[in-house]
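Below you'll find the structure, written out as structure tokens, and then a few comments.
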Amino acid sequence: MTPPIELPPPPPGPDERPWKDRAGLLDERARAMGALARWYLAPHRALLLWLSTLVFALGWSLAVSGFQFLVKGEIIEHVLGVIFLGLALGATVPSSLGVASGIRRDVFVAACLRDWAELERDPQTLPHWRVSGGALLWLGPSIVLTCLGLALGGFAVFADIGTESFGTVAGIGIVFAVAGALGMAKAIDYYRLVSRELRPGTGVPDTHGRAVHGPDTRDPGTCGPDTRGPGSPYGDGFCDDGFCSD
């Protein structure tokens, strides 16, 4: 998959990196992560997710009502059932396709962010790519939406609301909980990147495969014994960075 709307691609391989020194690497890394993070946590993407969730929930309600009309056996109710089911398809199919497309792009951009983050750690460049309040905008409403979905699901299970209303309430609860979980996952993933950046670095391979250490990093010899197998793809100068690329 190509980056959405001309976003920076993943970083080049070790043999193709054009940076002459650590300063050039940090500058390019900050620019790429800034563009990726702003797209990843864009407010309009959160609004699209919540709008799609509401449209899908409406479609689910129409689908349940349509099935109920169909099973009643009257001609008028059969016609209403077909109409409701058609409206339900018109609401659920586009919204679910939109959410699925957004998830695929989010996964790709998140992988690019992790790949760029793995190249180095430098808290001084964090303000250049940190999205102030972006993760909180995703996290707060997502928690509320998840709690609302769980509450609706619990109400449907434990309250005596009848079989006709159970499907509607339980289905809407599940939709809300899933949408909220998606938003929380994005925010938590971004917070992990920020917290990783603030931890002490252990070095980064330069364009020739050698580890470059700043004045505030540890000496490579101070790292513990390497417990990774000889075939591990992460033998690149990092010591326990706590982060794995997809």
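The values are calculated or read from the model by the stated rules, or taken from the named source; none is laboratory data. Everything quoted here is computed from the prediction, not taken from an experiment. Methodologically, a virtual Cβ is constructed for each residue, glycine included, from the backbone with ideal geometry; neighbour enumeration extends over all protein chains shown. Side chains included, ligands, DNA and RNA excluded: accessible areas come from the protein's heavy atoms. Shrake-Rupley method; radii C 1.70, N 1.55, O 1.52, S 1.80 Å.
General remarks:
- Filter result for the condition that a residue is crowded, with 17+ Cβ neighbours inside 10 Å and out of contact with any Gly (no Cβ under 6 Å at 6 or more places or on another chain), over Ser95, Ser165, Ser132: Ser95
- Thr146 vs. criteria at pLDDT below 95 and not aliphatic (A, V, I, L, M): no
- Matching option when the condition is touching a residue at least 12 places away in the same chain (Cβ under 8 Å), open to solvent by 20 Å² or more (accessible area, probe 1.4 Å) and among the aliphatic types (A, V, I, L, M), among Val55, Val79: Val55
- Top-ranked residue of segment 14-52 - restricted to ones that are of a type in the set (Lys, Arg) and either in contact with a helix residue (DSSP H, G or I) (Cβ under 7 Å, 6 or more places away or on another chain) or outside any loop (DSSP other than H, G, I, E, B) (or both), ranked as least open to solvent (accessible area, probe 1.4 Å): Arg29
- Criterion violated by Val109 - all others in (1) open to solvent by less than 70 Å² (accessible area, probe 1.4 Å); (2) among the β-branched types (Val, Ile, Thr); (3) over 29 Å from Glu197 (Cα atoms) satisfied: (3)
- Take the conditions (1) open to solvent by less than 60 Å² (accessible area, probe 1.4 Å); (2) in a helix (DSSP H, G or I); (3) without any contact (Cβ under 8 Å) to a residue 12 or more places away in the chain; Gly73 misses just one of them, which is (2).
- Test result for Gly171, open to solvent by 20 Å² or more (accessible area, probe 1.4 Å) and modelled with pLDDT under 95: no
- Residues of segment 58-70 satisfying the condition of being open to solvent by less than 80 Å² (accessible area, probe 1.4 Å) and either farther than 24 Å from Thr146 by Cα or not β-branched (Val, Ile, Thr) (or both): Gly59, Ser61, Leu62, Ala63, Ser65, Gly66, Gln68, Phe69, Leu70
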